[in-house]
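One structure is given here, and the rest of the page talks about it.
Every number in this text was worked out from the coordinates using simple rules, so none of it is lab data. Treat the numbers as computed from the prediction; the structure is a model and nothing was measured. Using ideal geometry, Cβ is built from the backbone for each residue, glycine included, and neighbour counts are taken over all protein chains shown.
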Amino acid sequence: MSSIVTKRFASGASKLLRTPLYDCHVELGGKMVDYAGFEMPVLYKGQTHVESHNWVRSKVGLFDVSHMLQHKFKGAQPRELLQKITPIDLAYLPINSSSLTVLLNKNGGVIDDCIITKHGENDYYMVTNAGCRTKDVKFIKEEAANFDVDHSTFEGTLLAIQGPEAAGLLQKFTNEDLSKITFGNTKYLKLSSIGADVHLARSGYTGEDGFELSIPSSTPQESQESQNFFRSLIEDYPDLVRPIGLAARDSLRLEAGMCLYGHELAEDITPIEATLTWLIPKSRRDEKNATFNGASKILSQIKDKTLCSKKRIGLLSKGPSPRDGNKLFSEDGKEIGHITSGSPSPTLGGNVAQAYADKLLKSGTKVFFESRGKKREAIVAKMPFVESKFYRG
């Protein structure tokens, strides 16, 4: 038995959805674009892409990620459902902690990547990608029909605060000791100017220390409070805080070696091919506990790497940046794969990229990608390209 309830943001006359922070973006000169069906800021007036990127690496950037879909799972069997559709082992996930995992189809392909938080043995919170919302809900609904679980989705203000000064900034708005909340941990807490409890997770998509705040916004008053909080962060600390758009979000996650669904992850790619083997804990690799979708294929790939038809790799290059879809070649001219994401790297100089090759190549291997009708040199490199700075206490 299962039930699903969905709430959606109002979008006015526009066919695109808008987050509760939409008015703030417009006020701040955000250049709004269509992203996963939402009007989202890609850049802000007075900031270049590189300036925005470097600001997050040195100070604090605010990212509106309210377009992501938030889920709650309760009832008698949420653990059983989640361990069927993902390879996570919830028995070993402490209460009030979270973990990256993936939704899997029956062939072991990735339907979406997600973060699951455990609030109790029968109480879980999950965040999935905006662009996958329709198929994710359909997939979960179909799978949940076989379990006694209550699954609901909701939308509110989801705000990421990222950068080396993020903890010091947010500490000014709460009496909670944030130094006791390490990377991957979560907590409900009070923030000044916000009436309802806020769900705080120490995590992010940039490689920097930071937090993601889920702020209730189901009423006009709650939405106004979230807007006022967003504005106060910027207006009260203009030398420390800036809003950051999608352009820098993508280059930051690329430097951090993180996957983007639809590029590095897809339904015909397994976690092993995506070099995310660590997402399958040892406790779920034996026959008794390997009850997740696609387990047979995934576990066989772990045991025998030759069964992977492709592998995700990182690349460094100079000159024109590699772009999604560029063909990849070995030094002897053989086509061996393709680029999935690429961008100039403001932190390192040159370019960083992710690609799929027909096998896992050693760091330092010379390859070539085809761009603008020419083959250009790149070097295979380990990821993350820029060392992560997650706070672990």
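Odds and ends about this structure:
- Local net charge near Asn129, Cβ-Cβ under 9 Å (Lys/Arg +1, Asp/Glu -1): -2
- Across the stretch 248-258, rounded Karplus estimates of 3J(HN,Hα) from the backbone phi angles (6.51 cos²θ - 1.76 cosθ + 1.60, θ = phi - 60°) give 6, 4, 6, 5, 5, 5, 5, 4, 7, x, 8 Hz, Gly and Pro being marked x.
- The Cβ shell under 14 Å around Gly30 holds other residues with a net charge of +1, Lys and Arg each +1, Asp and Glu each -1.
- Using θ = phi - 60° in the Karplus curve 6.51 cos²θ - 1.76 cosθ + 1.60, the 3J(HN,Hα) couplings for the stretch 336-352 round to 10, x, 7, 6, 10, 8, x, 6, x, 9, x, 6, 9, x, x, 10, 10 Hz; x is entered for Gly and Pro.
- Its DSSP H runs of at least 4 residues, each contributing -39,500 (n - 2.57), put the calculated 222 nm mean residue ellipticity of the chain at -6000 deg cm²/dmol, to the nearest 500.
- When the trypsin sites (Lys or Arg not before Pro) in the stretch 167-265 are filtered for DSSP coil states and for at most 12 other beta-carbon atoms within 10 Å of their beta-carbon, the remaining sites are Lys172.
- Between Gly108 and Gly294, the built amide H atoms are under 5 Å apart, and every one of these is 5 or more places off in sequence or on another chain.
- Annotation for the stretch 152-260: chymotrypsin sites (Phe, Trp or Tyr not before Pro) lying in DSSP loop with at most 16 further Cβ atoms inside 10 Å of their Cβ do not exist.
- Dipole magnitude of the chain about its Cα centre (Cβ charges: Lys, Arg +1; Asp, Glu -1), debye to nearest 20: 1080
- Between the stretch 208-234 and the stretch 35-70, the alpha-carbon center distance in angstrom: 15
- Spacing of the modelled spin labels on Asp197 and Asp236, each 7 Å from Cα toward Cβ, amounts to 2.3 nm.
- Each label was represented as a point 7 Å from its Cα along the Cα-to-Cβ direction; for Lys187 and Lys305 these points are 4.1 nm apart.
- Candidates Lys318, Lys282, Lys72: whichever shows maximal mean-square fluctuation once the chain is modelled as a Gaussian network with Cα springs under 10 Å: Lys282
- Across the stretch 309-384, the convex hull enclosing all Cα atoms gives 77 Å³ per residue.
- Loop sites in the stretch 287-393: GluC sites (Glu not before Pro), DSSP, at most 14 other Cβ within 10 Å: Glu287, Glu331, Glu387
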